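In what follows, a structure is listed as structure tokens, so that the remarks can point back to it.
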Amino acid sequence: MSNTKAIPLSSDPAAEEGDSQLDRETRKLEVRVRRKTDFAILPLLCSVFFLAQMGRSDLANAKVAGMDEDLGLTAQMYSNVSSIFLVGYILFQLPGTLLLRRIGPPRQFAGAMIIWGIITACTVEAKSYAALMVIRALIGCAEGFIQGAVLYLSFWYPYNELATRGAVLASTTALAGSCNGLLAYAITLTLDGANGWSAWQWIFLVEGVVPIAWAFVVLVLLPSTPERIRFFFTAAEKDVVLARSRAMHNTGDSRIRPKLILRVLVDPKFWLITLIDAGAHFCVSALSNFTPAILQGLGYAGVQAQLMAIVVYAAAFVGILSSCIISDRLRKRGVVICVNAALAAVGYALLLGLTGNTGRLVATCLVACCAYPIVVLSMVWMASNQVGYTFRASAAALVNVVAQTVAIGGNQAFNDPPYYRKGLSLSLGMVCLAGVAAAVLMVHLRASNATKAKEQHGEKGESLRRYTVDEVGNRHPDFFFSY
């Protein structure tokens, strides 16, 4: 028997060259697929969120444009109007997210846009506080059906690409805030009094008509799921798309398993990520609805406040993109969240302690720059650590339901103009809570991974391996948590 070692086939120069060429072609194909996916999905999905945020933040600009005087709204009434939107939003998030595969993302997102566009346009006829409450609640119901967007992205992107794409999506909300301020400024200067309508009525009309028209573009062009690609990708590219989707533990035959939803609620990881998201949403929702009013408290007049809001939202835009790109490159979520929470806390402390307008404006920008990214990163972190369609979809919806419920408290807390010290103090506490919860979750996930590594090839691991990821979720022995 010869003791000569067998030489691997890849050591043959010709074989190595062939393998290298194959690897290069595979990498080129993967890059092409990633770029095509970005091109096919991100612009359209971002447009949906852009228009949704325009509709959400138009209330703040309408207030500055005279809506509260025309309808006789007190500070508490305005807080109620901004909060009732979230009630509708909360009620329809869970069904809207769970039904995403069944209805199909293009139909669901486009349908929601048409409905909220029609209702927003009807705001021009609102003559009372009660009418405004009903209208904002219905808009919230419709917008609840687009909150499966992060779940939709997880159909198409692997873990190490998800935060950056989530950042691109979320940054459009900050961009929308800036554009909304500019649009409101232009409408106030040019259309106030036209056709007998006040500037705030024109704001709602313009921002209602646009999503109705754009919805048909989304319906026709937005891809549904990787398994239902109709055009734009070649056969070879479709195979890569499906492989990328499977890397996120997706399966084409995934279905809703109602009995598994309750398992999400008994998972401590779910509640920790919920605390993070709730703390961030408390801050972000208040910023969305009260930034122009806060700026008025700094001494800026109505139109000036709308313009200065652009600066605040620009800071949020930069913060979202930079934080999420760093998070993807480091493949770390918790650390980046903790840093952002600490910096946002500094911003709130400065807002409470400073008296000069310039310093308070800088502090407001710091808060926006650091609070907005936490919302994105917490949802991406959740999506990365929940596998199986029912688990991921229900967790995404339920985290948002709790977070938006807490956000109602954020809106109610900002009822002491012009300095809003009560709301700012509570926001400081909530962003600190988010940072602490992120630190605890990191420790918990590390410990969970250590336990899973010990049990992976033991009796418990083999027992769980008989089930699919859709059935056991993140308890599957071959799945490990990211932190």
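The values are calculated or read from the model by the stated rules, or taken from the named source; none is laboratory data. Note that the structure is predicted; figures quoted are calculated from it, not measured. Positions of Cβ are generated from backbone atoms using ideal geometry, with glycine treated the same way; all protein chains shown enter the neighbour counts.
A few notes on this one:
Condition check ((1) in contact with a Phe, Trp or Tyr (Cβ under 6 Å, 6 or more places away or on another chain); (2) crowded, with 21+ Cβ neighbours inside 10 Å; (3) aromatic (Phe, Trp, Tyr)) across all residues:
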| position | (1), (2), (3) |
| --- | --- |
| Gly181 | no, yes, no |
| Thr190 | no, no, no |
| Ala194 | no, no, no |
| Leu205 | no, no, no |
| Trp214 | no, no, yes |
| Leu222 | no, yes, no |
| Glu227 | no, no, no |
| Leu262 | no, no, no |
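- Those residues of the range 351-369 which are under 27 Å from the mean Cα position of the chain (by Cα) and of a type in the set (A, V, I, L, M), in sequence order: Leu351, Leu361, Val362, Ala363, Leu366, Val367, Ala368
- Residue match in the range 292-299 (condition: of a type in the set (A, V, I, L, M), buried (at least 19 other Cβ atoms within 10 Å of the Cβ) and at pLDDT 90 or above): no
- Filtered by the rule that a residue be under 18 Å from Met248 (Cβ atoms) and either modelled with pLDDT of 85 or more or touching a His at 6+ places or on another chain (Cβ under 7 Å) (or both), the range 446-478 gives a lone residue, Val469.
- The residue that is farthest from Phe216 (Cα to Cα), among those in the range 62-103 that are of a type in the set (Gly, Ala, Ser) and surrounded by 18 or more Cβ atoms within 10 Å (Cβ to Cβ), is Ser79.
- Being crowded, with 21+ Cβ neighbours inside 10 Å and modelled with pLDDT of 90 or more is true of Leu45.
- Verdict on Ala174 being in contact with a Phe, Trp or Tyr (Cβ under 6 Å, 6 or more places away or on another chain), closer than 27 Å to Ser322 by Cβ and crowded, with 23+ Cβ neighbours inside 10 Å: yes
- Hits in the range 127-143 (condition: surrounded by fewer than 22 Cβ atoms within 10 Å (Cβ to Cβ) and among the aliphatic types (A, V, I, L, M)): Ala130, Ala131, Met133, Val134, Ile135, Ala137, Leu138
- Scanning the range 140-199 for residues that are small (Gly, Ala, Ser), in contact (Cβ under 8 Å) with a residue 60 or more places away in the chain, in contact with a Gly (Cβ under 7 Å, 6 or more places away or on another chain) and under 30 Å from Val387 (Cα atoms) yields a single hit, Gly148.
- Any helices (runs of 4 or more DSSP H) falling wholly within the range 398-483 and containing at least 2 residues that are surrounded by fewer than 15 Cβ atoms within 10 Å (Cβ to Cβ) and aliphatic (A, V, I, L, M): 421-455
- Annotation note: Cβ proximity below 9 Å between a residue of the range 359-372 that is closer than 12 Å to Val346 by Cβ and a residue that is not in a helix (DSSP H, G or I) (sequence gap 6+ or interchain) occurs for Val362/Leu354; Ala363/Leu354.
- Of the helices (runs of 4 or more DSSP H) entirely within the range 68-174, those holding at least 3 residues that are closer than 26 Å to Ile41 by Cβ and within 18 Å of the chain's Cα centre (by Cα) occupy 75-98, 105-121, 129-143, 149-156.
- Set Val346, Val375: member being at pLDDT 90 or above, hydrophobic (A, V, I, L, M, F, W, C) and over 30 Å from Arg102 (Cα atoms): Val346
- Qualifying residue in the range 164-183 (condition: under 23 Å from Asp277 (Cα atoms) and either modelled with pLDDT of 90 or more or of a type in the set (Lys, Arg) (or both)): yes
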